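What follows is a single structure, written as structure tokens, with notes after it.
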Amino acid sequence: MCFLQTVLDRPHYGFTNSEGSFTRPPQSALWREFSYRMNPLRDRRNWLTAFGWFMTFCFVPVFFLFFLKFFSWKLFGIGLVYSMVLMGTHGTVYLHRYGTHRAFKFSNRFWLQIARNLVIKVIPEEIYVVSHHVHHKYSEQAWDPYNVNGGWLYCFLSDANHQSIARNLSENDYARVVRMVEHTGVKPNTYAQYLRWGSVAHPARTVAHYLLNWASNFAFFYWMGGMPLAVAIFGIAGVWAFGVRTFNYDGHGRGKDRRQDGIDFNRKDQSVNQIWPGYVAGEWHNNHHLYASSARSGFLPYQFDGAFEIIRLWSKLGIVSTYRDDRAEFLSKYYRPYTEGTAALTPDHALEG
């Protein structure tokens, strides 16, 4: 089997049935798998998924504290902008375009570490990066870890149930996984440590990184606006932390073909360009699936791409050394032929068709 078909740890219900095709598991099986993955006492190699969800649930009491003690519409608005726009755009820039697709390069590792910690950390790099390579290779097929055909809950729980790296990789295959994520700043485990912990990241380094990231961000917001601002931002950041887990379900049409002619030019999968994630996070998803390694995915005039504007600004400031922009190729290969063909289609031609 292909490396990307075996690199992720299979849930107990498997990615495929006996014929090798995808079968949608019942919700009870999804919850049983989630319960197993949340228990590091049962298997220490569950630590990364359990830790990731533990940190996500840490937002919940802060969310309620904000509404019970510090609520104001101004702080609520600030928190929403931070959560939806800043955290969403940062996810697109760092985890998506840099971490997975290497669409640009930082000038040095100092700027990488600054960029890595610009916002409150939610998603461990290896959970996102490795599985996202599989998603692009096998979109909506059996091995896709957040296969939209599995349903909303399948996608929502996928970071726990489907996105961890396999626990029985050979030393050579583990080295391939390390090469997929080490550019993100994660110091990888040795192979012996991987066999013990089932991950590229080491628990001690990961916990320390999260604590430093959360503490420094909280201190900054406290300095900017006191406890009300810090609580507002951390509380509402939880909206993004939970909501981002549903993105692929929406971004692939919720299991239906919602692609539109003249807007969604990639026809290899059911990804769609959506206004909300496009404008708030630069995530024009169909364009991205068409040109995955492009630092820009907003190709049409109305498709503002804030994530790309940040990358371009960083390039001008010397923070980014190089980036890739496939907009010109998209326009010449897809958009102009479409518009010219549409313009040439007279009513007589339409009747003949």
Quiz item: Which is more than 22 Å from residue 2 (Cβ to Cβ) and in contact (Cβ under 8 Å) with a residue 40 or more places away in the chain, of 152, 143?
Solution: 152
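Looking only at region 59-87, count how many residues are under 17 Å from residue 114 (Cα atoms) and either surrounded by 21 or more Cβ atoms within 10 Å (Cβ to Cβ) or of a type in the set (Lys, Arg) (or both). Lay out the reasoning, then the answer.
In the first step, residues of region 59-87 are kept if they are under 17 Å from residue 114 (Cα atoms); the result is 86-87.
Okay, now just the ones that are also either surrounded by 21 or more Cβ atoms within 10 Å (Cβ to Cβ) or of a type in the set (Lys, Arg) (or both), so 87.
Residues flagged as under 17 Å from residue 114 (Cα atoms) and either surrounded by 21 or more Cβ atoms within 10 Å (Cβ to Cβ) or of a type in the set (Lys, Arg) (or both) within region 59-87 amount to 1.
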Self-check item: Residues of region 88-117 satisfying the condition of being of a type in the set (A, V, I, L, M, F, W, C), more than 15 Å from the chain's Cα centre (by Cα) and either on the phi > 0 side of the Ramachandran plot or buried (at least 16 other Cβ atoms within 10 Å of the Cβ) (or both)
Solution: 104, 106, 111, 112, 115
Quiz item: Among all residue pairs at least 6 apart or on different chains, which show Cβ distances below 7 Å where the first residue, located in region 6-28, is at negative phi and part of a loop (DSSP other than H, G, I, E, B) and the second is modelled with pLDDT of 95 or more and among the aliphatic types (A, V, I, L, M)?
Solution: 7/130; 7/134; 7/165; 7/166; 7/177; 9/165; 9/166; 13/29
Practice problem: Count, please, the residues in region 5-37 that happen to be surrounded by fewer than 18 Cβ atoms within 10 Å (Cβ to Cβ) and either touching a Phe, Trp or Tyr at 6+ places or on another chain (Cβ under 8 Å) or of a type outside the set (A, V, I, L, M, F, W, C) (or both). | Solution: 21
Quiz item: Of the numbered conditions (1) loosely packed, with under 13 Cβ neighbours inside 10 Å; (2) closer than 20 Å to residue 112 by Cα, residue 171 satisfies every one except a single condition; which is it?
Solution: (2)
Practice problem: Any residue in region 124-137 that's on the phi < 0 side of the Ramachandran plot and surrounded by fewer than 21 Cβ atoms within 10 Å (Cβ to Cβ): show its pairings with residues that are outside any helix (DSSP H, G or I) and small (Gly, Ala, Ser) at Cβ separation under 6 Å, as long as the two are six or more apart or on different chains. | Solution: 136/292
Quiz item: Failed condition for residue 56, given (1) of a type in the set (Val, Ile, Thr); (2) part of a helix (DSSP H, G or I); (3) without any contact (Cβ under 8 Å) to a residue 40 or more places away in the chain, with all others met?
Solution: (3)
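The values are calculated or read from the model by the stated rules, or taken from the named source; none is laboratory data. Quick caveat, the model's predicted, so the values are computed rather than measured. Ideal geometry is used to build each Cβ from the backbone, glycine not excepted, and the neighbour counts take in all protein chains shown.
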